[in-house]
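Throughout, read-outs are computed from the coordinates displayed, never taken from laboratory work. On a predicted model such as this, the values are computed, not experimentally measured, just so you know. No Cβ is skipped: glycine too gets one built from the backbone with ideal geometry, and neighbour counts run over all protein chains shown.
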Amino acid sequence: MTIMAWYHLVGVGGSGMSALAQVLIGRGNKVSGSDRNFDLGVNTPLFDWLSSGGIQLFPQNGSGVTQEVEALVVSTAVEESIADVVKAHQLNIPIRKRAEVLAELLNKSYGIAVAGTSGKSTVTGMLGYILTRAGLDPTIISGGAMKNFLLRGRPNNMRYGSSSIIVAEVDESDGSIVNYHPKVAIITNISKDHKDIPELKSLFQTFADQTKEKIVVNADCQHISSLHLDQNRTISFSLEKDPSGGPIFSGSSYRADKISLKPDGSNFECEGQPFCLKLIGLHNIANALAATAAASYLGVPLATIAEGLAEFQGISRRFDLIGQVQGIRVIDDFAHNPDKIAATLKAASLLGSRLIVLFQPHGFGPLRLFQKELIDSLTAGTSEQDLIFLPEIFYAGGSVIRDISSKDLVQAIQTRGRRAWYGESRQELLPLMIEETRPGDTVLVMGARDDTLTLFCHQVLRLLEEKYGEV
């Protein structure tokens, strides 16, 4: 195989970077990388898998950055002080953002870019699985682990296919969405997250304008309806009989009818075709419609789409049932912004049980941006009988202004008649959570960017098993 280029990825163990590394090496490039977790011996199976796939791993001390490296790839979060970055500057090696490299791959292929504030990973996984099942053999790059592609020890956040189709989740939070010129774009929704609405709408408008063929949009989203979209290139989906989009979305559309929401899944019809999902919640029906619209445009029959969606198992940390004891469900979820939290709590209400909620805010900036909206979502989505626990804000590193605390949220939530507690850490709150949890409750852990939240869910389950003698 002819080596096309040598890329060195900083933070290669991250969800986005590990997926990109595998795609790059699949395309004939030489790939190396470093990661602080590799240095610490954390997540060894992932690094073993990457190494077995031909990705050379180095300590994050600059030793892997040599004159032969043609590009150093970093995420938005990587700081200039990291040794690999310093060494690249010394050797005049080009430093490129992950999104730039992914955009280059997608733009040269039959790219399907999945964008939006919420639902990106699920729609990417749904569409990727449908196309795989239909024999179109796509490459899939997701922001979350896709359960349908789970193999022991392998990072299932991507699938490498032999066709020209790439289905990729693309991000608006750092503005990099404007790098993409896909054949097909999907916009799931637009809501306040990382950036204010006017700036987000400008980014999504550019993204839509750069799309070559079709734009699949959520007609129920008012912010999407205010974009200037070409009706001839727009396919809409909707849960409503009278979507907010109005005439611009009156052409080709996919609407859910006969919706049935259950504790163990969801049913609906679209274009006369029955659909049955393993995933719960109205938001997942919207996600399914987005995937259906895109797959249908690519020529996949509705019946085949429905079969694929019926088999779709979901994305890790998206309302992920960790286990049960004495009728107590322990659920792990990625929800971290107001809309995601509202959707997750609404789905949890279908279970018909008291909620024991632990929400770990991530980042001082995001919490500062939508503090009021978070308080609204947490109080509107719970009742007086539910319990809410908030540990201190998760700090991922870097320079920040620490002028806000989870304690501020707890105090506001308490004034609205909810039972809420603050703790400096999850471990400080854990004994009270276990003490208060009763048979039949649902323990719901929400938060992002902190990989140890899933481990915390397993710890909660283990302590509940000890409490009720089921060890």
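Approximating the spin labels as points 7 Å out from Cα along Cα→Cβ, the Lys201-to-Gln222 distance works out to 1.1 nm. Annotation for the range 15-41 versus the range 348-378: alpha-carbon center distance of 33 Å. Measuring r between the beta carbons of Tyr297 and Ala83 and using R0 = 51 Å, the FRET efficiency lands at 0.65.
Stretched out fully, how many nm does the piece from Gln326 to Gln371 gain, at 0.36 nm a residue minus the Cα gap?
Computed gain between Gln326 and Gln371 is 12.7 nm.
Normalising the average separation of contacting C-alpha pairs (under 8 angstrom, six or more residues apart) by the number of residues puts the relative contact order of the chain at 11 percent. Do the alpha carbons of any pairs in Lys97/Lys120; Lys192/Lys346; Lys97/Lys147; Lys147/Lys192; Lys120/Lys278 sit beyond 23 Å of each other, and which pairs? Beyond 23 Å between Cα atoms: Lys97/Lys147; Lys147/Lys192.
Treating the Cα atoms of the range 292-336 as identical point scatterers in vacuum, please give the log10 of the normalised Debye intensity I(q)/I(0) at q = 0.22, 0.30, 0.34 Å⁻¹, two decimals. Per q value, in the given order, log10 I(q)/I(0) is -0.78, -0.98, -1.09. From helices alone, the chain scores -10500 deg cm²/dmol at 222 nm; the rule is -39500 (n - 2.57) for each run of n ≥ 4 DSSP H residues, then divide by the residue total. The longest part of the chain holding none of the exposed loop trypsin sites (Lys or Arg not before Pro), meaning those outside H, G, I, E and B in DSSP with at most 14 other Cβ atoms within 10 Å, is 242-401. Counting neighbouring beta carbons within 10 Å and listing from fewest to most, the residues Met433, Met146, Met4 come out as Met4, Met433, Met146. Relative contact order of the range 320-467, taken over Cα pairs closer than 8 Å and 6 or more residues apart, is 37 percent. Within the range 282-324, which residues have the backbone N less than 18 Å from the label spot 7 Å out from Thr454 along Cα→beta-carbon, could you tell me? Answer for this model: 313-324. Counting only aspartates and glutamates at least 8 places from Lys87 when in the same chain, those with an alpha carbon closer than 17 Å to its own are Asp35, Glu68, Glu70, Glu79.
Suppose the chain between Tyr395 and Leu91 were pulled fully straight at 0.36 nm per residue; how much longer would it get relative to their current alpha carbon spacing? Additional length available on full extension: 106.3 nm.
Mean projection of the Cα convex hull over all viewing directions, computed for the range 6-97: 5.2 nm². Two numbers describe the Cα atoms of the chain: Rg and Dmax, which are 22.2, 65 Å.
Starting with the fewest neighbours, write out His458, His336 ranked by other beta-carbon atoms found within 10 Å of each beta-carbon.
Taking fewest neighbouring Cβ atoms as first place, the list is His458, His336.
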